[in-house]
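The values are calculated or read from the model by the stated rules, or taken from the named source; none is laboratory data. Predicted, not measured: the structure shown is a model, and the values here were computed from it. As a convention, Cβ positions derive from the backbone with ideal geometry for all residues, glycine included, and neighbour counts pool all protein chains shown. Only protein heavy atoms, including side chains, enter the accessible area calculation; ligands, DNA and RNA are left aside. Shrake-Rupley method; radii C 1.70, N 1.55, O 1.52, S 1.80 Å.
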Amino acid sequence: MNRICKNFIILTVALTISNVIVAQNACDKLFAEGVKLQQTMTIYSQQKAIEQFKKAKICYDSQTKKDLCDQQITACRNIIAQIKKNDMAEKKDDPTPPQPSSITADNNDNQHTETIDKRDVKLSLNKTYIKFKGKGGEFQKVKVTCNYDDWEVSDAPEWVNYSRNENNELVIETEKNPDKDERSGILKVRCGETETSLTIIQDKFKKFIIL
């Protein structure tokens, strides 16, 4: 194979790789626009975010990225449902006053247990997704806003560690990613019957080879 042919092949491969990178950057831009819209807690903004995530899903080649778009679309729909629920609760004129608490007594020690009736839970996170490096050991914080103190994490990926601090923040850490690809999962926060979710993304672990 002569030098001209070799140079032509190298140039073709380089252009192909360049086109792929440009295409994926365009997909990432669509995804980022969706995330930005998702931060505004209105039905219209969530619907526009869903449109961007759907476009990004079509654009992406990676199945992991497509799955991530699906997760964000689900998160948007959950936010829409929560907004509608809160609006209905505010507009509803309930003639029956809410029961503040139900008290039960223990006949053995006369201690009382209080069960709060949560009728209008307002629960939100200041982020809809966070991204970690593949090496693990990295911490990030997510602010939880809720009108009740007893919110909790109801579900999380096995590779995610979390704790709650005194500022009503979730302190989240990921373990080292052993996979060859980027991975993602959903962490769910619940209060009463209300639930919201956080998408957690972790890059693949990059090994640096020193020659």
Practice item. Search segment 160-194 for residues being part of a strand (DSSP E or B) and among the charged types (D, E, K, R), and hand back the single one that is farthest from the chain's Cα centre (by Cα). Key: 164
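One line per residue, one yes/no per condition, for (1) open to solvent by less than 80 Å² (accessible area, probe 1.4 Å); (2) within 18 Å of residue 65 (Cα to Cα):
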| site | (1), (2) |
| --- | --- |
| 127 | yes, no |
| 140 | yes, no |
| 150 | no, no |
| 153 | yes, no |
| 160 | yes, no |
| 163 | yes, no |
| 183 | yes, yes |
**Study point:** In segment 134-169, residue farthest from residue 184 (Cα to Cα) [restricted to those that are among the hydroxyl-bearing types (Ser, Thr, Tyr) and touching an Asp or Glu at 6+ places or on another chain (Cβ under 9 Å)]
**Key:** 163
Review point. Within the set of pairs 6 or more residues apart or between chains, which connect a residue that is under 13 Å from residue 128 (Cβ atoms) and among the β-branched types (Val, Ile, Thr) inside segment 35-55 to a residue that is assigned to a helix (DSSP H, G or I) and open to solvent by 70 Å² or more (accessible area, probe 1.4 Å) with Cβ atoms less than 8 Å apart?
Key: 50/77
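How about segment 71-89: which of its residues are more than 14 Å from residue 43 (Cα to Cα) and either polar (S, T, N, Q) or within 11 Å of the chain's Cα centre (by Cα) (or both)?
Passing the criteria: 71, 72.
To keep it simple, each residue is scored yes or no on (1) at pLDDT 85 or above; (2) charged (D, E, K, R); (3) farther than 23 Å from residue 170 by Cβ; (4) open to solvent by 90 Å² or more (accessible area, probe 1.4 Å).
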{"residue": "43", "(1), (2), (3), (4)": "yes, no, yes, no"}
{"residue": "48", "(1), (2), (3), (4)": "yes, yes, yes, no"}
{"residue": "54", "(1), (2), (3), (4)": "yes, yes, yes, yes"}
{"residue": "59", "(1), (2), (3), (4)": "yes, no, yes, no"}
{"residue": "95", "(1), (2), (3), (4)": "no, no, yes, yes"}
{"residue": "115", "(1), (2), (3), (4)": "no, no, yes, no"}
{"residue": "119", "(1), (2), (3), (4)": "no, yes, yes, yes"}
Review point. Of the residues 108, 177, 168, which is modelled with pLDDT of 90 or more and either open to solvent by 40 Å² or more (accessible area, probe 1.4 Å) or acidic (Asp, Glu) (or both)?
Key: 168
Exercise for review: Return the pairs, sorted by first residue and then second, in which the second residue is part of a strand (DSSP E or B) and open to solvent by less than 10 Å² (accessible area, probe 1.4 Å), the first residue lies in segment 192-203 and is within 18 Å of residue 169 (Cβ to Cβ) and of a type in the set (S, T, N, Q), the beta carbons are less than 7 Å apart, and the residues are 6+ apart or on different chains.
Suggested key: 196/189; 197/187
**Study point:** Answer residue from segment 61-87, given it is among the small types (Gly, Ala, Ser) and assigned to a helix (DSSP H, G or I) and is least open to solvent (accessible area, probe 1.4 Å) among those
**Key:** 75
